[in-house]
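Participant: Take this structure first; my questions come after.
The values are calculated or read from the model by the stated rules, or taken from the named source; none is laboratory data. Since the structure is predicted, the reported quantities are computational estimates derived from the model, not experimental observations. Cβ: placed from backbone, ideal geometry, glycine included. Neighbour counts: every protein chain shown.
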């Protein structure tokens, strides 16, 4: 807990310093890495930065799917309720649904992924992101699993 | 406790009618997690395409219709294929949480079911090709079974089709599954004797039960007919 408190203070200090133009912005990338990363029991992740959530599927999910050969991403502007289907992935001979971890309005989709769908397999948490949404109910984030909880979940029988 | 799969052999049934039955059991199995179903069917001639519909322009599909088959757009994985008389189609509606929650595993088990069937009954070496573009089950460099599935919250539908004594000329009108450099065959052609659906059905059930490590409960004919009339009549 104290680490989070210290890092929040660092972030606030960083913002103040950035506004004062004394320190170049690239030194504050560390505070951005502390943006929240949360997981669902359907094996999607969301990285929240301010009011924007970047969404994708986990390494576990891509492994269980197999190589992604095609995907259908939502339209920019589309709105989704938490846990509803927002994207479709086709891996070899199998189509499966992706469920949105948080309610939101799509502000960007990962267009280059359509030409290189297997990026979902090679970089599921980074370049393989699927969509970015503007959160419509940020409180939903608190109920999702953090990394430790998700790793425990994977070890359990219920996944 | 062993997994139980209820088997419904609906006989010869047109694609859309069977799809209604699939959708009924998909909804049922989504709400009853211990429930698993396997539908066996023989379709009237139909070409089906998968999720990537943009690969097939309407003029092309109209041309296929003029050859005497229906053409259906589906949401399953995979590209274009043919279903028709002499081909055994199996639609497992399984809750993968009862088995293994992995689509990659599930597709490989469907392939294994056909490979097992060929080995056990005909001492025939069927195989899967590991490269992405060549899924399904192969024998003597020709495809004998095609696979295309959809999973909703880990409950599967659509499935596999195994060529028993289907008229292979239907496949010459398409590039089956998008594979242009290989041919399609059937069990009858490879074994050089007539092997119809009725002979292959019990073999498929046997292999399915072994490969998926499950018990099968075969629904009786009357029950199946009532269900077909109720859902697809």
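Participant: Taking segment B:123-150, which residues are crowded, with 23+ Cβ neighbours inside 10 Å and either modelled with pLDDT under 90 or facing chain A (nearest Cβ under 9 Å) (or both)?
Facilitator: B:135, B:136, B:146, B:147, B:148, B:149, B:150
Participant: Would you pick out the residues in segment A:88-105 that are buried (at least 22 other Cβ atoms within 10 Å of the Cβ), away from every other protein chain (no Cβ under 14 Å) and assigned to a strand (DSSP E or B)?
Facilitator: So the first thing to find is which residues in segment A:88-105 are buried (at least 22 other Cβ atoms within 10 Å of the Cβ), and the list is A:89-91, A:93-96, A:98, A:100-102, A:104.
Narrowing further to those that are away from every other protein chain (no Cβ under 14 Å): A:101-102, A:104.
Passing the criteria: only A:104.
Participant: Can you name the number of the only condition in (1) more than 29 Å from residue A:154 (Cα to Cα); (2) over 13 Å from the mean Cα position of the chain (by Cα) that residue B:99 fails?
Facilitator: Result: residue B:99 fails condition (1) only.
Participant: Right, another one. Out of the residues in segment A:111-120 that are out of contact with any strand residue (DSSP E or B) (no Cβ under 7 Å at 6 or more places or on another chain) and part of a loop (DSSP other than H, G, I, E, B), which is surrounded by the most Cβ atoms within 10 Å (Cβ to Cβ)?
Facilitator: Our first condition is that a residue be out of contact with any strand residue (DSSP E or B) (no Cβ under 7 Å at 6 or more places or on another chain); within segment A:111-120, this holds for A:111-112, A:115-116, A:119.
With part of a loop (DSSP other than H, G, I, E, B) added as a condition, the list becomes A:115-116.
On the way: A:115: 7, A:116: 13.
Here the residue is A:116.
Participant: Right, next: I'm trying to understand the selection: among the residues of segment A:48-62, which are touching a residue at least 40 places away in the same chain (Cβ under 8 Å) and either farther than 19 Å from residue A:117 by Cβ or within 14 Å of another protein chain (Cβ to nearest Cβ) (or both)? Can you show your working first?
Facilitator: Our first condition is that a residue be touching a residue at least 40 places away in the same chain (Cβ under 8 Å); within segment A:48-62, this holds for A:48, A:51-62.
Those that are touching a residue at least 40 places away in the same chain (Cβ under 8 Å) and either farther than 19 Å from residue A:117 by Cβ or within 14 Å of another protein chain (Cβ to nearest Cβ) (or both): A:48, A:51, A:52, A:53, A:57, A:58, A:59, A:60, A:61, A:62.
Participant: Do we have any residue at all in segment B:99-112 that's farther than 25 Å from residue B:79 by Cα, within 14 Å of another protein chain (Cβ to nearest Cβ) and crowded, with 19+ Cβ neighbours inside 10 Å?
Facilitator: Taking every residue of segment B:99-112 in turn, at least one turns out to be farther than 25 Å from residue B:79 by Cα, within 14 Å of another protein chain (Cβ to nearest Cβ) and crowded, with 19+ Cβ neighbours inside 10 Å.
Participant: Another question, then. Is segment B:33-50 home to any residue that is surrounded by fewer than 21 Cβ atoms within 10 Å (Cβ to Cβ) and either under 20 Å from residue A:95 (Cα atoms) or within 14 Å of another protein chain (Cβ to nearest Cβ) (or both)?
Facilitator: Yes, some residue in segment B:33-50 is surrounded by fewer than 21 Cβ atoms within 10 Å (Cβ to Cβ) and either under 20 Å from residue A:95 (Cα atoms) or within 14 Å of another protein chain (Cβ to nearest Cβ) (or both).
Participant: Ok, one more. Go through (1) within 21 Å of residue B:110 (Cα to Cα); (2) surrounded by 15 or more Cβ atoms within 10 Å (Cβ to Cβ); (3) modelled with pLDDT under 95 and name the single condition residue B:9 misses.
Facilitator: (3)
Participant: Tell me, which residue of segment B:51-62 that is within 14 Å of another protein chain (Cβ to nearest Cβ) and out of contact with any strand residue (DSSP E or B) (no Cβ under 7 Å at 6 or more places or on another chain) is nearest to residue B:83 (Cα to Cα)?
Facilitator: Ranking the qualifying residues of segment B:51-62, first place goes to B:55.
Participant: Going through segment A:126-142 one residue at a time, which ones are closer than 15 Å to residue A:81 by Cα and part of a helix (DSSP H, G or I)? Step through it out loud before you land on a result.
Facilitator: Taking segment A:126-142 and keeping what is closer than 15 Å to residue A:81 by Cα, we get A:131-141.
Within segment A:126-142, A:138, A:139, A:140, A:141 qualify.
Participant: Among the numbered criteria (1) within 14 Å of chain B (Cβ to nearest Cβ); (2) surrounded by 14 or more Cβ atoms within 10 Å (Cβ to Cβ); (3) closer than 21 Å to residue A:87 by Cβ, which one does residue A:123 miss?
Facilitator: Exception for residue A:123: condition (1).
Participant: Further, regarding this structure: Quick one: is residue B:153 within 14 Å of chain A (Cβ to nearest Cβ) and in contact with a helix residue (DSSP H, G or I) (Cβ under 8 Å, 6 or more places away or on another chain)?
Facilitator: On the way: within 14 Å of chain A (Cβ to nearest Cβ): yes; in contact with a helix residue (DSSP H, G or I) (Cβ under 8 Å, 6 or more places away or on another chain): yes.
Here the answer is yes, as residue B:153 does meet what is asked.
Participant: Related question: Restricting to segment B:167-193, what's the tally of residues that are loosely packed, with under 15 Cβ neighbours inside 10 Å, without any contact (Cβ under 8 Å) to a residue 40 or more places away in the chain and either in contact with a strand residue (DSSP E or B) (Cβ under 8 Å, 6 or more places away or on another chain) or within 19 Å of residue B:89 (Cβ to Cβ) (or both)?
Facilitator: 1
Participant: Just to check your reading of the model, which residue among A:76, A:69 is away from chain B (no Cβ under 14 Å) and not in a helix (DSSP H, G or I)?
Facilitator: Values: A:69 fails: away from chain B (no Cβ under 14 Å).
The conditions single out A:76.
Participant: Check off (1) away from every other protein chain (no Cβ under 14 Å); (2) touching a strand residue (DSSP E or B) at 6+ places or on another chain (Cβ under 8 Å); (3) surrounded by fewer than 19 Cβ atoms within 10 Å (Cβ to Cβ) for residue B:71 and give me the number that stays unchecked.
Facilitator: With respect to (1) away from every other protein chain (no Cβ under 14 Å); (2) touching a strand residue (DSSP E or B) at 6+ places or on another chain (Cβ under 8 Å); (3) surrounded by fewer than 19 Cβ atoms within 10 Å (Cβ to Cβ), residue B:71 is out only on (3).
Participant: Taking residue B:174 and the conditions (1) modelled with pLDDT of 95 or more; (2) under 20 Å from residue B:15 (Cβ atoms); (3) away from every other protein chain (no Cβ under 14 Å), which numbered condition does it fall short on, given that it satisfies the others?
Facilitator: (1)
Participant: Looking at segment A:49-66 only, could you name the residues that are surrounded by 19 or more Cβ atoms within 10 Å (Cβ to Cβ) and either part of a strand (DSSP E or B) or within 12 Å of the chain's Cα centre (by Cα) (or both)? Before the answer, list the steps.
Facilitator: So the first thing to find is which residues in segment A:49-66 are surrounded by 19 or more Cβ atoms within 10 Å (Cβ to Cβ), and the list is A:53-57, A:61-62, A:64-66.
Within segment A:49-66, A:53, A:54, A:55, A:56, A:57 qualify.
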